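The values are calculated or read from the model by the stated rules, or taken from the named source; none is laboratory data. Just so you know, these numbers come straight off a predicted model, no measurement behind them. In this analysis, Cβ positions are derived from the backbone assuming ideal geometry, glycine residues included, and neighbour counts consider all displayed protein chains. For the accessible areas, the whole protein counts, side chains as well, though only heavy atoms, and no ligand, DNA or RNA atoms are used. Shrake-Rupley method; radii C 1.70, N 1.55, O 1.52, S 1.80 Å.
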Amino acid sequence: MSRQYDVIVVGAGNGGLAAGGITSKNGLSTLVLERHNIPGGSATSFRRGRFEFETSLHELAEVGPNPFEGTVRQLFDELGAKDVEWHFEENAFRVVLPGEGGFDATLPTGEEAFADEMERQVPGCRESVKAVFELGRHAIEAIQYLSKGTPDPAVLQSEYADFMRIASHTTKEVLDALHMPKRAQDILVTYWCYLGAPADQLDFLYYALMLILYVQLRPAMPKMRSHEMSLALEKAIHEHGGEIWYNSEVERILVKDGKAYGVAVDGKEIYAEHIICNSHMGNALSRLLPAEEIPEKMLKLANARDIALSFVTVYLGMNRSAEELGIHDYSNFVIPCADSREQYNRCCSMEDSGYAIMNCLNTVIPESSPEGTCTLFFTTMYYGDVWKDVKPEEYKKLKIKIAGEIIENCEKALGITLKPYIEEIVIAAPPTFARYLMTPRGTPYGYQFDMWDSIMMRTMNVEAEEPIKNLRFCGACGERGDGYSSAYISGMNTGLRTVRDAKEGK
Ligand SMILES: Cc1cc2nc3c(=O)[nH]c(=O)nc-3n(C[C@H](O)[C@H](O)[C@H](O)COP(=O)(O)OP(=O)(O)OC[C@H]3O[C@@H](n4cnc5c(N)ncnc54)[C@H](O)[C@@H]3O)c2cc1C
């Protein structure tokens, strides 16, 4: 069989588009295969009535308003994908714990303003909040040093001692060690759900990095929803000579004697030197790869990991403006209890967890829906295989019940009235995402982080965990885990490793 492409990318999600952009930009003939008729995977939009809804993006990290440059902005610039108009949030988040002893805190962006507001909410916590930012910045420098090549242990000990101290500790352990009052910890870790694991399971390093990126570079939103970013990357791939075939579901990844050499699509085989898989690793292991060619260590690793969370999302088109509804903040976290582990535990069943995030794009981009209207986007999460027992005949009723609970919980906690003003409603549940993304349990988040499987461990083992020659994975199952910026960066890194190997003739 003769090689037809240098690289085939399976899936045009954020990871696949970034990988295909990098390989085509670097002169490798690249074919991206996507089963849908549009790019983006999770990163897209849809229309109902007079509204265009963002499908998935709450907040995008690592862009940064000019002149600050986050890695995502650098990647888009590098690929020439400049057609995106990013807008930035003023506040990081609002978090509301209703009831006696609860709190209602709106945390601004900017490190000083953030620390000031934390101090106002919980007197005496300022120093420990500043220490979190200090440690996070130190960690960024250490990671930059580590990424330059083989690190010198003596330099690590002398220059990056604090990094070495915190690298193997959970967020909760470090915040306790900094003597941060528990109430301040509960507010500070609001973003834990974006990384999918509670504070006592999530490594401090990654949480601090994410917090700094959101608070300093500010969360970004593309004007025309995330679809605009997917289209910009699609265009860049074409401009660099790459091809994207839509409506092309890869049925198998071809592997022989431990080496990947092509894919089967529409009953035909296409051959390439390198295969990059943006389909969930669980999907690749159970459907795409020949069972006899899967190394045992790959299976063991996949089985040791937990499949990450799944979401129910409710999209509302409202016939009132955000102002008329009394909505002023973009990201509103409504939590049922203060502690992140308890919040997590509540999300491990089909009962109403009381947990919801409500986003209103009009507070950042007023013209994102017709005048006098606004769109709202609600999310709640589920851990474990809790949706497996839902019978098909119960599904619709259940979805509507959950949507009702989410809306009511937000109405009560935020003191707003929504129900009489709903013009359009769309509900997506784990089966919706499973069908669209082809991920187990519909997770958009890959595998859940754990201390044995933290960002450090994944980054250090990234090549060791790709035991089939010429086959790499990118996206939410990659070393950076879930999220838009993580998937883009994992795609970029996978593309760069592929370019390196292609140039070295490996
Ligand atoms: C409701 C929701 C809210 C979210 N909020 C945020 C947020 O605020 N901030 C943030 O950073 N992240 C957020 N995320 C997570 C983020 O969207 C994902 O982690 C990220 O987009 C995953 O990208 P990926 O590269 O893994 O690809 P995916 O989005 O999973 O796309 C994979 C692509 O591969 C295609 N594919 C799969 N199998 C095949 C095959 N066999 N052949 C051809 N094509 C195939 C699929 O059709 C799909 O297009 C959210 C996700 C959801 C669903």
Can you name the condition, by its number, that Arg183 falls short on among (1) assigned to a helix (DSSP H, G or I); (2) open to solvent by less than 40 Å² (accessible area, probe 1.4 Å)?
-> (2)
Of those in the range 255-285 that are assigned to a helix (DSSP H, G or I) and touching a helix residue (DSSP H, G or I) at 6+ places or on another chain (Cβ under 8 Å), the residue farthest from the ligand (Cβ to nearest atom) is Leu285
Based on what the data block shows, is Leu289 within 30 Å of the chain's Cα centre (by Cα) and within 12 Å of the ligand (Cβ to nearest atom)?
-> yes
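Just one of Arg458, Arg435, Arg441 is within 16 Å of the ligand (Cβ to nearest atom), within 16 Å of Asp306 (Cα to Cα), outside the structural domain of Ala167 (by TED's automatic domain parsing) and free of Cβ contacts under 8 Å to residues at least 40 places away in the same chain; which is it? First the steps, then the outcome.
Details: Arg435 fails: within 16 Å of Asp306 (Cα to Cα); Arg441 fails: free of Cβ contacts under 8 Å to residues at least 40 places away in the same chain.
When all the criteria are applied, what remains is Arg458.
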Selection within the range 461-476 - on the phi > 0 side of the Ramachandran plot and either surrounded by fewer than 17 Cβ atoms within 10 Å (Cβ to Cβ) or within 14 Å of the ligand (Cβ to nearest atom) (or both) = Gly475
Please name all residue pairs, on different chains or six or more residues apart, with Cβ atoms under 8 Å, provided the first residue is in the range 468-479 and is closer than 12 Å to Val7 by Cβ and the second residue is within 9 Å of the ligand (Cβ to nearest atom) and open to solvent by 20 Å² or more (accessible area, probe 1.4 Å).
-> Cys474/Asn278
The range 59-88, residues that are of a type outside the set (A, V, I, L, M), within 15 Å of the ligand (Cβ to nearest atom) and under 18 Å from Leu209 (Cα atoms) = Glu59, Glu62, Gly64, Gly70, Thr71, Arg73
Which one of these does Gly241 not meet: (1) assigned to a loop (DSSP other than H, G, I, E, B); (2) of a type outside the set (A, V, I, L, M, F, W, C); (3) farther than 26 Å from Val32 by Cα?
-> (3)
Give the range 255-264 a look and list any residue that's closer than 9 Å to Ile8 by Cβ and of a type in the set (Val, Ile, Thr), or say none.
-> Val263
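May I ask you to say which residue of Arg73, Arg120 is closer than 30 Å to Ser353 by Cβ and among the basic types (Lys, Arg)?
Working: Arg73 fails: closer than 30 Å to Ser353 by Cβ.
So the residue among Arg73, Arg120 that is closer than 30 Å to Ser353 by Cβ and among the basic types (Lys, Arg) is Arg120.
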For the range 100-111, state whether one or more residues are within 16 Å of the ligand (Cβ to nearest atom), open to solvent by 10 Å² or more (accessible area, probe 1.4 Å), over 22 Å from Ser490 (Cβ atoms) and touching a residue at least 12 places away in the same chain (Cβ under 8 Å).
-> yes
Residues in the range 403-420: is at least one part of a loop (DSSP other than H, G, I, E, B) and open to solvent by 30 Å² or more (accessible area, probe 1.4 Å)?
-> yes
Within the range 73-87, how many residues turn out to be within 18 Å of the chain's Cα centre (by Cα) and within 19 Å of Leu361 (Cβ to Cβ)?
-> 1
All positions within the range 442-485 that are within 20 Å of the chain's Cα centre (by Cα) and small (Gly, Ala, Ser) | Gly442, Gly446, Ser454, Gly475, Ala476, Gly478, Gly481, Gly483, Ser485
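Listed here are the residues, each with its yes/no results for (1) more than 6 Å from the ligand (Cβ to nearest atom); (2) open to solvent by 10 Å² or more (accessible area, probe 1.4 Å).
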residue	(1), (2)
Asp6	yes, yes
Gly11	no, yes
Ile22	yes, no
Thr30	yes, no
Ile38	yes, yes
Arg47	yes, yes
Phe51	yes, no
